[in-house]
Amino acid sequence: MRLRSWLVVGISVALLLAIGVVGICVNRSALRAAETVHRADSLVLATNNGGLAAQVQLVSAKELNAFVTSRPLSMTAGDPGDQAALAEYARKSSHFSYGLLLTDLTGNPLNATEASGSLPDPLSPAFGPLISSLALGRPGFSSLMTVRGTLLQAVAVPIVVGSAPEAILYGFIPVVTSQLQEYLVQLKDDSHRSMLVDATGKVGAASDPALLGTTVDPAIAARITSTESIFVTYAEHGRSMIAAVHGGLPGGWAYVRTQSTAAFDGPVRNRSLTINLALLTMLLVGAAGLAILGYRSQLVRRRAEERFSALVEHAPDVVTVLDGAGRVVYASPSGRRILGASAVGTSVFDLIHPDERANVRDRFAALVPQRGGLERMQVRVRQADGNYRWFDFTASNQLHNAALDGIVINARDITDSREMQDRLAHDAHHDPLTGLPNRRRLQQTLADSLRTRPVAVLFVDLDGFKPVNDELGHEAGDDLLRQVGTRLAACLRPCDVLARVGGDEFVLLLPGVATAADTEALTERLRTAAAAPFEIFGQEVRIGASIGVHLAAPGEQPDTVLRTADQAMYAVKNGPARPGRHRAT
């Protein structure tokens, strides 16, 4: 009997030991899988944020290049016209409010918006990455520098005359008020810090403004040249820290996201430790018999289910399972939080935006017969309130898997990223002052139209605009340009295009118009609209408009067409004087 009892105890202990070992291994495997997914998601987030930061940098360089191409400079040392143009641009620019500097190719200053002592020396070591980029034919971005207590970053573009560079234009961004700083402040979170650091490891933008101008840990500084997103571990004030680093940004800059290792590992590892301790306790009390064994087994199972449920519920992604017809048979709890309602029982195609629905149906139909096949797509999904949000779908065919028996979709909300991309694309093709298409957009539209049909091109130059700027100020001039754009647009057909090409010059494209008779009435309406009085800051202002017309035939080159229309405008402008010159009362 005693032998039998010991045998029962031995079997119970052996069973507990076996189950405990299996449980620990399973828990470690689940922990490794969760950590792998978490690390991969963190690196993807670092890559995306680094890419967005790089786009913001490049937008500043595009703005500087647009000024160079739209406002020719004499590039003569001390030229007052160049200095006035640089000063005006610095006042209007959303990036280069600190100032601009024009130099020759060897770094000798030619002109600037400020006294030479107020601007950085182009031969400073901080300009090293910038010079290297310019040498490769790309816009240049400097490292962080300090001038009279102000943290600055320089952006430079070459000024090309003919086919060779003749000078370099530098724009200086005060990093405290830069768009990159505003962007990172929006990413502020108590659990981590987001930063952009230059090639030397100095912080040029941060979710915590107090970090500006400081130097990151040497372990991070040593890895910022990596063009792939990587993790860096280091110690800070006795705490173990981890950083996600994405380098390769223009000028050798890098995106860095830091947090404590404990915050990074989060509750997953803590819960895993709790389970391991519970399993070890079960082994110590193995002599309690099969009753305790059953109880402990149920406890472990319940905790594992709670852990999985918590992970799925609080995950940023939505996981759904579809049947072969596209109906939702399972949706993770995060789906209700993000979409506002449960999608179970609904056809996924009813939730897709009508513009993408047909494409999604076709790709779903192609995926169903592919055993283990994968499809990735970006679509808009309807929320409970009727609004649509962008999601990145990864669909995996698991119809052959008995445990899943469906098409598994992992959906991630990318609405903010898409909106940022759309804003950047819009800003690259529109005038920031009037909101009208800019010269680049105009040339693209003109080239497309001239492939198949004639186009009437009207080049409009305002008469009397300069006195408005001189007498009432540049703010009044800006308001006048916006009002002129609104009036001119009201005279056009829906298919016509109005663009601002620089200064007080506008260009109108009339697709399909091939005769002068078709443009005479519109030209007169435009002159009348421009001659009518404007109210600027409580004062009545009158101006006029000189309009050059060119009837372009299909196949003509856009540059030639615009140049001809410009010449026609100057011919009109240099003719007999017309009434309607500026008068302010």
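Quick notes
- The trypsin sites (Lys or Arg not before Pro) found in segment 154-202 that occupy coil by DSSP, while having at most 14 further C-beta atoms within 10 Å, are K188.
- The chain - mean residue ellipticity at 222 nm from DSSP helices (-39,500 (n - 2.57) per run, n ≥ 4, rounded to 500): -14500 deg cm²/dmol
- Net length gained if the chain between F349 and N276 were fully extended (0.36 nm per residue, minus Cα distance): 21.9 nm
- For segment 442-458, backbone phi angles converted through the Karplus equation (6.51, -1.76, 1.60; θ = phi - 60°) give residue-by-residue couplings of 4, 5, 5, 5, 5, 4, 5, 5, 6, 5, 10, 7, x, 9, 8, 10, 10 Hz, Gly and Pro being listed as x.
- Per residue, the accessible area of segment 1-151 comes to 53 Å² when a 1.4 Å probe rolls over the protein heavy atoms.
- Taking label positions 7 Å along the Cα-Cβ direction at both Q383 and N108, the computed distance is 6.1 nm, reported to one decimal.
- Spin-label pair C495-F537: with each label point 7 Å from Cα along the Cα-Cβ axis, the two points sit 4.3 nm from one another.
- For the chain, the extents of the C-alpha atoms along the principal axes are 127, 59, 47 Å, listed from largest to smallest.
- Chain lengthening between A135 and A33 when straightened (0.36 nm per residue, less Cα-Cα): 32.1 nm
- Relative contact order of the chain, taken over Cα pairs closer than 8 Å and 6 or more residues apart, is 9 percent.
- Of the solvent-accessible surface of segment 49-196, computed with a 1.4 Å probe over protein heavy atoms with every protein chain present, carbon and sulfur atoms account for 55 percent.
- Per residue, in Å², the accessible surface of segment 338-446 once ligands and nucleic acids are set aside, probe 1.4 Å: 53 Å²
- By the rule of a C-alpha distance below 25 Å, with chain neighbours fewer than 8 residues away ignored, the lysines paired with K62 are K92, K202.
- With the convex hull drawn around the C-alpha atoms of segment 387-536, the volume per residue stands at 169 Å³.
- Projected label distance in nm at L433 and A529, using a 7 Å step from Cα toward the beta-carbon: 1.8 nm
- If R0 is 41 Å, the Cβ-Cβ spacing of D392 and A571 corresponds to a FRET efficiency of close to 0.15.
The values are calculated or read from the model by the stated rules, or taken from the named source; none is laboratory data. The shown structure was predicted, so the numbers you read here are calculated from the model rather than taken from an experiment. All Cβ positions, glycine included, derive from the backbone under ideal geometry; neighbour counts span all protein chains shown. Remember, those area values only see protein heavy atoms, side chains included, never the ligands or the DNA or RNA. Shrake-Rupley method; radii C 1.70, N 1.55, O 1.52, S 1.80 Å.
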